[in-house]
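Participant: Take a look at the following structure, please.
The values are calculated or read from the model by the stated rules, or taken from the named source; none is laboratory data. These numbers were taken from a predicted model, which means no experiment stands behind them. Glycine gets a Cβ as well: all are built from the backbone with ideal geometry, and neighbour counts include every protein chain shown. For the accessible areas, the whole protein counts, side chains as well, though only heavy atoms, and no ligand, DNA or RNA atoms are used. Shrake-Rupley method; radii C 1.70, N 1.55, O 1.52, S 1.80 Å.
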Amino acid sequence: MKWLGLGLTVGALGGCLIPQNEEYLSELPVRLNHPLRLVEQQAKPSNRIIRGFGTSELCELEFSIPVEDLDLADTLVAYWFVDYDPNQPRGADSMDNILPDKGAIDAVRDEFAVFRVRYNAADIGRLNIPGDHVVEVVVTDTALLAGREPQGKSSINLEDGTVYEDRGYTASYAWFVKTEAGGKCP
């Protein structure tokens, strides 16, 4: 009987005896943009340092990396840069869109960000110069402004009359390429 009384006492004191104010949501919270992520473990080439570009064994390179974004309906844009210098901003050397997957439930996109280069190709001449180079991908869910900053996603009017600027996000990954002198590629 003692235990039953003790159990009832603990049960009664377990709840909050002070009345709480009840606040209900008048509307659903605004869904904000989520940051995206590059899946580095699946990047290709898997080695971040590539030697011997331009030799007969390595005339072509394909860079690719999968992207994860919780905002399944967003179109993502991959901007590819070769030897980008922040002191002399310029546009991307190549761009590709990563479209949303129809009916996807997984945040990792089926379509990868991809960039292909061939030694002695005229489109990316910087990679033909012997020496060290950096190939970088910047993926965004908006557009890149000057200095590779993401453009704002949208403006959201809040209930209190203020405006919240929902931001865009970027993620980047880089490979280092050593181009050899006297390339033997056809």
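Participant: Rounded to the nearest 0.05, what FRET efficiency is calculated for Asp85 and His34 with R0 set to 30 Å and r the Cβ-Cβ distance? Don't skip to the end; give the middle numbers.
Facilitator: Values: r = 31 Å, r/R0 = 1.03.
With a Förster radius of 30 Å, E is 0.45.
Participant: At a probe size of 1.4 Å, how large is the accessible area of Cys185, to the nearest 10 Å²?
Facilitator: Counting only protein heavy atoms, Cys185 exposes about 20 Å² to solvent.
Participant: Given the options Leu58, Leu36, Leu76, which has the most mean-square fluctuation in a GNM of the chain, springs set between C-alpha atoms less than 10 angstrom apart?
Facilitator: It is Leu58.
Participant: Rounded to whole Hz and in sequence order, give me ³J(HN,Hα) for the range 75-91 from the Karplus expression 6.51 cos²θ - 1.76 cosθ + 1.60, θ = phi - 60°, writing x for Gly and Pro.
Facilitator: Once rounded to whole Hz, the list reads 8, 9, 10, 9, 9, 10, 10, 10, 6, 6, 10, x, 7, 10, x, 8, x.
Participant: Give me the percent of accessible area attributable to carbon and sulfur for the chain, probe 1.4 angstrom.
Facilitator: Solvent-exposed carbon and sulfur of the chain make up 55 percent of the total.
Participant: With the dipole of the chain worked out from charges on the C-beta (+1 for Lys and Arg, -1 for Asp and Glu) around the Cα centre, which of Gly168, Pro45, Asn97 lies farthest toward the positive end?
Facilitator: Towards the positive end, the residue furthest out is Pro45.
Participant: For the range 104-186, what number results from the quotient of the Cα radius of gyration and 2.2 N^0.38 Å? Walk me through the numbers on the way to the answer.
Facilitator: On the way: Rg = 19.5 Å, N = 83, 2.2 N^0.38 = 11.8 Å.
Normalised Rg, Cα atoms only: 1.66.
Participant: Given the options Val163, Val39, Val134, state which has the largest fluctuation in a GNM of the chain using a 10 Å cut-off (strictly under) for Cα springs.
Facilitator: Taking springs between Cα atoms under 10 Å, the residue moving most is Val163.
Participant: Hey, another quick one. Compute a Gaussian network model of the chain, connecting alpha carbons closer than 10 Å, and tell me which residue from Gly147, Gly161, Gly125 fluctuates the most.
Facilitator: Gly161
Participant: Within the range 36-54, find all residues whose amide N lies under 18 Å from a label point positioned 7 Å from the Cα of Ile105 along Cα-to-beta-carbon.
Facilitator: It comes to no residues whatsoever.
Participant: Among Tyr84, Tyr173, what's the order by accessible area (1.4 angstrom probe), most exposed first? Don't skip to the answer; put the middle values down first.
Facilitator: Working: Tyr84 45, Tyr173 10 Å².
Largest accessible area first, the residues go Tyr84, Tyr173.
Participant: Determine the per residue accessible area of the chain with all protein chains present and a 1.4 angstrom probe, expressed in square angstrom. Intermediate values should be presented prior to the final figure.
Facilitator: Details: 12090 Å² over 186 residues.
That works out to 65 Å² per residue.
Participant: From the phi angles alone, apply the Karplus equation (6.51, -1.76, 1.60; θ = phi - 60°) to the range 61-67 and give each ³J(HN,Hα) in whole Hz, x where the residue is Gly or Pro.
Facilitator: 10, 10, 9, 8, 7, x, 10
Participant: Going toward the positive end of the dipole of the range 17-146, with +1 on Lys and Arg Cβ and -1 on Asp and Glu Cβ, which of Leu58, Phe112, Ala78 do you reach last?
Facilitator: Toward the positive end, the furthest listed residue is Leu58.
Participant: Moving to a separate point now. Over all directions, what mean area does the Cα convex hull of the chain project, stated in square nanometres? All intermediate terms of the calculation are to be shown ahead of the outcome.
Facilitator: Working: hull surface 79.1 nm².
Orientation-averaged projected area of the Cα hull: 19.8 nm².
Participant: Once phi is turned into ³J(HN,Hα) by the Karplus curve 6.51 cos²θ - 1.76 cosθ + 1.60 with θ = phi - 60°, what whole-Hz value does each residue of the range 167-175 show in order, with x for glycine and proline?
Facilitator: Taking θ as phi minus 60°, the curve returns 8, x, 10, 10, 9, 9, 8, 9, 10 Hz for the range 167-175.
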